[in-house]
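K.L.:
After the structure tokens below, expect a handful of questions from me.
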Amino acid sequence: MALEIEIKVLNVGDGDAIIVYLHDAQRQFVMLIDGGERKYLADLLVELEVVLTQAGKNAPDLVICTHFDSDHIRGVAAVVEHYHTIGRDVGEVWIHAPGRSLVKEAASLLEARNRLRAVEESRGSGAVRLARLGDTLLTDGYDARHDLLLESLNEMCNLVEFMNEKLIHWYRPFPGIKIPGFPEIEVLGPSRDYFEENSPFPNDVKEMLNHEYSAKNSELQIINENHQLNRDEENPCDLLDAASKRGLSKANLTSVILLIDIEGEKYLFTADAGVKSFESLDEPEKIENLHWLKVPHHGSIKNLTSELIERMSPRYAYISGDGYISDHVVGCLEAHGAEVRTTRDEGLLRWPLED
Ligand SMILES: [Zn+2]
């Protein structure tokens with residue numbers, strides 16, 4: 001009997017929380033790929049418990065954090081903490097965590113920002129302001145618009161610290177990482193070289209926040225411009241290709257790309273990876289002729305080209321998204337024969353399809 005795969009793509013807005021259950025007569029494996037924002041935790045745990053009960057497991061075997069954006073990592077941190085608290089640690093965690101110096105710098109920046117904010121809110125006296133001179137120096141050049149990014153970076157740092165403290169196994173998922181007994185599961189990217197070249201973790205936290213913020217900003221612009229497509233008149237693939245692919249954040253471009261290949265039937269999980277990420281894969285043929293695709297970056301117009309869609313040519317394409325969903329991406333996938341489903345329109349998406 002071939003390995004069976006069951007997938008739940010949760011409805012977490014423009015975010016990812018995906019439960020994958022693999023099983024055959026001998027093997028059972030439950031994994032969670034990202035966890036959405038923390039506010040979805042209760043729903044996520046309900047869906048996870050259903051699968052864990054089915055699999056006869058106490059906790060997920062593997063939890064993957066594809067990158068540190070808040071719509072991916074926050075639920076991951078919450079799930080790992082939750083299972084530890086109830087005495088059933090997750091099997092292992094895959095995450096591209098930053099080095100110690102960045103972790104420390106991010107933590108002190110967050111603390112300084114919090115102290116300064118408290119002072120601002122209480123309209124502190126001159127004495128208090130003076131005492132906070134160090135904080136002011138530290139936060140010089142910091143911008144309140146960076147808050148979300150700084151917080152999710154700290155979420156990642158705290159998660160790594162938590163796992164180290166609680167002796168929860170975690171690894172950086174580069175190609176070649178293996179799950180014993182499950183050769184069907186494979187990390188395609190990012191490779192070590194690619195990750196180093198495009199590292200989302202430079203030496204300076206503020207520089208990093210600036211970069212990630214301007215990338216986010218150009219993404220948000222896309223949402224605003226998500227113009228309606230007149231399908232009778234225009235070719236969605238042309239419109240997709242005409243759109244700029246620039247400005248994606250390094251965090252997105254170094255998202256973990258995961259393949260599950262069951263006797264040639266390929267399921268590809270792309271997180272928020274972009275064109276550059278796919279083009280830099282060491283084994284690009286592995287993303288060709290897919291059976292099932294988790295469309296990258298919530299269906300954003302920035303992450304695919306018609307050439308990539310042609311190569312992937314998924315039979316089924318699932319989009320976990322809302323505002324990011326581009327009609328051109330959907331139209332071009334459909335033009336290449338894909339059956340496209342979105343959490344925006346249908347809520348929780350399941351695989352296999354129900355009758
Ligand atoms: Zn995302």
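K.L.:
Name the long-range amide H neighbours of ALA243: under 5 Å, sequence gap of 5 or more, or other chain; modelled H, no Pro or chain starts.
P.N.:
HN-HN under 5 Å from ALA243: empty list.
K.L.:
When the Karplus curve 6.51 cos²θ - 1.76 cosθ + 1.60 is applied with θ = phi - 60°, which whole-Hz ³J(HN,Hα) does each residue of segment 300-310 get, with x for Gly and Pro?
P.N.:
Taking θ as phi minus 60°, the curve returns 5, 6, 7, 9, 9, 10, 5, 5, 5, 4, 4 Hz for segment 300-310.
K.L.:
Still on this structure: I need the calculated FRET efficiency for the pair SER101 and PHE182, taking r as the beta carbon distance and R₀ as 30 Å, to the nearest 0.05. List each step's numbers first, then the result.
P.N.:
Working: r = 35 Å, r/R0 = 1.17.
With a Förster radius of 30 Å, E is 0.30.
K.L.:
Then there is this: Using modelled backbone amide H atoms (1.01 Å from N, in-plane), which distant-in-sequence or interchain residues come within less than 5 Å of ILE64's amide H?
P.N.:
The list, which skips near neighbours in sequence, is LEU32, ILE33, ASP34, TRP94.
K.L.:
For the Cα atoms of the chain, what angle does the longest principal axis make with the long axis of helix 41-55, in degrees from 0 to 90, nearest 10?
P.N.:
The answer is roughly 40 degrees.
K.L.:
Next question. What is the chain's relative contact order, in percent, from Cα pairs under 8 angstrom and six or more apart in sequence?
P.N.:
Values: 673 pairs, mean separation 62.1, N = 355.
For the chain, the relative contact order is 17 percent.
K.L.:
Which far-off residues, 5 or more places away or on another chain, put their amide H under 5 Å from the one on TYR316, with H placed in the peptide plane?
P.N.:
Hits under the 5 Å cutoff: TRP292, LEU293, GLU339.
K.L.:
Pop a pseudo-label 7 angstrom from the Cα along the beta-carbon direction at both LEU148 and GLU121 and give the gap in nm to one decimal.
P.N.:
So the two model labels end up 2.0 nm from each other.
K.L.:
With unit charges on the beta carbons (Lys and Arg positive, Asp and Glu negative) and the dipole taken about the Cα centre of the chain, which residue among ILE262, ASN210, ASN154 sits farthest to the positive side?
P.N.:
ASN154
K.L.:
For segment 282-308, list residues with backbone N below 19 Å from a point placed 7 Å from the Cα of ILE262 toward its Cβ?
P.N.:
Within reach of a label on ILE262: 287-295.
K.L.:
Between beta-carbons, use under 13 Å as the cut-off and find the net charge around TYR83, counting Lys and Arg +1, Asp and Glu -1.
P.N.:
Details: positive: LYS57, ARG88, LYS166; negative: GLU49, ASP61, GLU81, ASP89, GLU92.
Cβ neighbours under 13 Å give a net charge of -2.
K.L.:
Additional query: Full extension from GLU334 to GLU207: what is 0.36 nm times the residue separation minus their Cα-Cα distance, to one decimal in nm? Walk me through the numbers on the way to the answer.
P.N.:
Numbers: separation 127, 0.36 × 127 = 45.72 nm, distance 3.97 nm.
That works out to 41.7 nm of additional length.
K.L.:
Normalised by the residues of segment 281-347, what does the relative contact order come to in percent, with Cα pairs under 8 Å and at least six apart? Don't skip to the answer; put the middle values down first.
P.N.:
Values: 108 pairs, mean separation 22.5, N = 67.
34 percent.
K.L.:
Would you order CYS157, CYS332 from fewest to most other beta-carbon atoms within 10 Å of each residue's own beta-carbon? Walk me through the numbers before you get to the answer.
P.N.:
Numbers: CYS157 21, CYS332 26.
Least crowded to most crowded, the residues run CYS157, CYS332.
K.L.:
Note the angle between two axes, namely the Cα long axis of helix 100-122 and the longest principal axis of the Cα atoms of the chain, as a number of degrees from 0 to 90, rounded to the nearest 10.
P.N.:
Between helix and principal axis, roughly 60 degrees.
K.L.:
Determine the sum of side-chain charges near HIS23: Lys and Arg each +1, Asp and Glu each -1, restricted to other residues whose C-beta is under 13 angstrom from that of HIS23. Write down the numbers at each step before the final one.
P.N.:
Working: positive: ARG27, LYS57; negative: GLU4, GLU6, ASP24, ASP61, GLU184.
Combined, the nearby Lys, Arg, Asp and Glu give -3.
K.L.:
Related question: On a 32 Å Cα-Cα criterion, which of the cross-link pairs LYS8/LYS104; LYS178/LYS276; LYS166/LYS245; LYS57/LYS104; LYS178/LYS206; LYS8/LYS206 come out too long? Don't jump to the answer; show the numbers that get you there.
P.N.:
Details: LYS8/LYS104 36 Å; LYS178/LYS276 25 Å; LYS166/LYS245 41 Å; LYS57/LYS104 36 Å; LYS178/LYS206 35 Å; LYS8/LYS206 37 Å.
Flagged as over cut-off: LYS8/LYS104; LYS166/LYS245; LYS57/LYS104; LYS178/LYS206; LYS8/LYS206.
K.L.:
Which net charge results when you count Lys and Arg as +1 and Asp and Glu as -1 among the other residues whose beta-carbon is under 10 Å from that of GLY36?
P.N.:
Working: positive: ARG38, LYS39, ARG74; negative: ASP14, ASP16, ASP34, GLU37, ASP43, ASP71.
Neighbour charge sum, excluding GLY36 itself: -3.
K.L.:
Along Cα→Cβ, 7 Å out, is where each label goes; now give me the distance between the ones at LYS39 and ALA25 in nm to one decimal.
P.N.:
That separation, rounded to one decimal, is 4.8 nm.
K.L.:
A follow-up question, please. Among the Cys residues of the chain, which have no other cysteine Cβ under 4.7 angstrom away?
P.N.:
CYS65, CYS157
K.L.:
As a footprinting exposure proxy, order SER244, SER300, SER152, SER191 by other Cβ within 10 Å, with the fewest listed first. Each step should come with its number before you reach the end.
P.N.:
Values: SER244 10, SER300 27, SER152 22, SER191 17.
With the sparsest Cβ surroundings first, the list reads SER244, SER191, SER152, SER300.
K.L.:
Which ordering of SER199, SER218 is given by a fewest-first count of other beta-carbon atoms within 10 Å?
P.N.:
SER218, SER199
K.L.:
To the nearest 500 deg cm²/dmol, what mean residue ellipticity at 222 nm is calculated for the chain from DSSP H runs of n ≥ 4 alone, each contributing -39,500 (n - 2.57), summed and divided by the residues?
P.N.:
Helix-only estimate at 222 nm: -12500 deg cm²/dmol.
K.L.:
Using label points projected 7 Å from each Cα along Cα→Cβ, tell me how many nm separate GLU196 and PHE162, to one decimal.
P.N.:
Roughly 3.1 nm, to one decimal.
K.L.:
For all pairs of alpha-carbon atoms in the chain, what percent lies in each bin of width 20 Å, listed from the first bin to the last filled one?
P.N.:
30, 56, 13, 1
K.L.:
Counting DSSP beta bridges in the chain, what percent are antiparallel, to the nearest 5?
P.N.:
The answer is about 55 percent antiparallel.
FYI, it's all coordinate maths here, none of it is from the lab. As the structure is a computational prediction, the values presented were derived from the model and not from experiment. Here Cβ is always computed from backbone atoms with ideal geometry, including for glycine, and neighbour counts include all displayed protein chains.
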